[in-house]
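The values are calculated or read from the model by the stated rules, or taken from the named source; none is laboratory data. Quantities reported herein were computed from a predicted structural model and do not represent experimental measurements. Positions of Cβ are backbone-derived with ideal geometry, glycine not excepted, and every protein chain shown enters the neighbour counts.
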């Protein structure tokens, strides 16, 4: 999530992989080969969910405990795979991950001269981020910073016959907690496998500052959020809706075994055998982030204590001295519009400071063999925005939220404290640790009708076929 980029660059232990001019491979997934079967199970477990915590890298575990991020050294980026779009087909963009970190895939930019087929001018390694809405790429304009490093791919404007730029191009400068980028805006075609999106607005990076960008060898960020979240560029989803997909729909399948990576899927995906039980659909509560209405949070499935008031900061009573505060269970202190945000750009769960402290008192580091006694995280979420009494309990067992140091038996809660920043509504983030156990679908509808689908991820032949 990019509000600011610290949620992507400083909450996530990014171990993204290098490539030498990677080329996409075509994989077709047809409906008749992937019949969907449903079984009656709950939302509290996923196929392949281990009994001893979600595996994370040792470095990531140290960062989780210290609440700071240092990004890992790069390694090799595997090739991405895409397939054609169609009524019975799904586009598959393979994502790669090392050491339980950020997932990177490919984006084609531009069109080579003297080419009449599918021939992007550049193949760039990017993060597909549901928590932002702008599209930034490294370019030949880069004169300073990590974007000029030898291991980075850059889009060369002169190599694309479809690139357009104003005589006096609009510039941009974006400050992040972990650095900053500057550049200019242009337009060009971008390629999602065989589908071309014409004249997409791009931010072309000319200067990049910050240690985080140095350690994270990516060539860009593709925001998959809504237009209200965009800073400068037109969101890719808007262009897709206008040109290629009337109602854009995409899904993330992130394998619980991080060494197997994951996939970003475009098109109708519910029929694929990638989830267990019925798909649960939740209306998007605020069409900025991919967020659902958070109406309650409990520690323990049978607990009656709702901790949702702890999403709000301390408030002083004007008449009772500087250290007084309203009671935590005061009805006037319940957040009326809290959000649970699905964010592929954040590794862990996050909670505001007061709630984080309460969670820390209930669960803490211990041997992975003894985490079964920890309470579940119970997110009470809305299924109907016009009727707050229609809710569903999304249950996250300790085997999911406890993260295990790779190669050891030490587990710590995969939760980080995050302030609310500029957000008016209090929120919690369900990040990559959550998404590695849940198949998540993001369905763009007409204004006010977008929704998110969630169901426990299913492992097996269909998943292996996508990720092989």
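Identify, from the list 134, 140, 151, the residue that is farther than 24 Å from residue 113 by Cβ and surrounded by fewer than 20 Cβ atoms within 10 Å (Cβ to Cβ). So that I can check it myself, show each step before the final result.
Values: 134 fails: surrounded by fewer than 20 Cβ atoms within 10 Å (Cβ to Cβ); 140 fails: farther than 24 Å from residue 113 by Cβ.
Unique residue meeting the criteria: 151.
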Q) Which residues, taken from the range 245-265, are assigned to a loop (DSSP other than H, G, I, E, B) and surrounded by 16 or more Cβ atoms within 10 Å (Cβ to Cβ)? A) 245, 248, 255, 256, 261
Q.
Looking at 198, 168, 161 in this structure, which one is surrounded by fewer than 18 Cβ atoms within 10 Å (Cβ to Cβ), over 12 Å from residue 124 (Cβ atoms) and in contact with a helix residue (DSSP H, G or I) (Cβ under 9 Å, 6 or more places away or on another chain)?
A. 198
Q. Filter the range 136-163 for residues that are at pLDDT below 95 and part of a strand (DSSP E or B); which is farthest from residue 222 (Cα to Cα)?
A. 144
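Residue 205: at pLDDT 95 or above, not in a helix (DSSP H, G or I) and not assigned by TED's automatic domain parsing to the domain that holds residue 435, yes or no?
Working: at pLDDT 95 or above: yes; not in a helix (DSSP H, G or I): yes; not assigned by TED's automatic domain parsing to the domain that holds residue 435: yes.
Yes: the conditions hold for residue 205.
Take the residues in the range 305-335 that are at pLDDT 80 or above, in a loop (DSSP other than H, G, I, E, B) and out of contact with any strand residue (DSSP E or B) (no Cβ under 8 Å at 6 or more places or on another chain), then tell me which one is surrounded by the fewest Cβ atoms within 10 Å (Cβ to Cβ). Outline the logic, then answer.
Initially, the range 305-335 is screened for residues at pLDDT 80 or above, giving 305-313.
Right, trim to in a loop (DSSP other than H, G, I, E, B) and you get 305-307, 312-313.
If we keep only those that are out of contact with any strand residue (DSSP E or B) (no Cβ under 8 Å at 6 or more places or on another chain) as well, we get 312-313.
On the way: 312: 19, 313: 12.
The qualifying residue surrounded by the fewest Cβ atoms within 10 Å (Cβ to Cβ) is 313.
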(Q) Just the residues that are surrounded by fewer than 21 Cβ atoms within 10 Å (Cβ to Cβ) and not in a loop (DSSP other than H, G, I, E, B), please, taken from the range 341-377. (A) 353, 354, 356, 357, 358, 360, 361, 362, 366, 367, 369, 370
Q) With 417, 446, 450 as the choices, which residue is surrounded by fewer than 23 Cβ atoms within 10 Å (Cβ to Cβ) and touching a helix residue (DSSP H, G or I) at 6+ places or on another chain (Cβ under 9 Å)? A) 417
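Is there a residue in the range 326-343 that is outside the structural domain of residue 263 (by TED's automatic domain parsing), free of Cβ contacts under 8 Å to residues at least 12 places away in the same chain, over 22 Å from residue 284 (Cα atoms) and in contact with a helix residue (DSSP H, G or I) (Cβ under 8 Å, 6 or more places away or on another chain)? It would help to see each step written out before you state the result.
Of all residues in the range 326-343, those outside the structural domain of residue 263 (by TED's automatic domain parsing) come to 326-343.
When the remaining residues are screened for being free of Cβ contacts under 8 Å to residues at least 12 places away in the same chain, the result is 326-327, 331-332, 336.
Pick out the ones that are also over 22 Å from residue 284 (Cα atoms) and you get 326-327, 331-332.
Next, only the ones that are in contact with a helix residue (DSSP H, G or I) (Cβ under 8 Å, 6 or more places away or on another chain) stay: 326-327.
Yes; the residues of the range 326-343 include at least one that is outside the structural domain of residue 263 (by TED's automatic domain parsing), free of Cβ contacts under 8 Å to residues at least 12 places away in the same chain, over 22 Å from residue 284 (Cα atoms) and in contact with a helix residue (DSSP H, G or I) (Cβ under 8 Å, 6 or more places away or on another chain).
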Q) Does residue 238 satisfy the condition of being free of Cβ contacts under 8 Å to residues at least 24 places away in the same chain and within 19 Å of the chain's Cα centre (by Cα)? A) yes
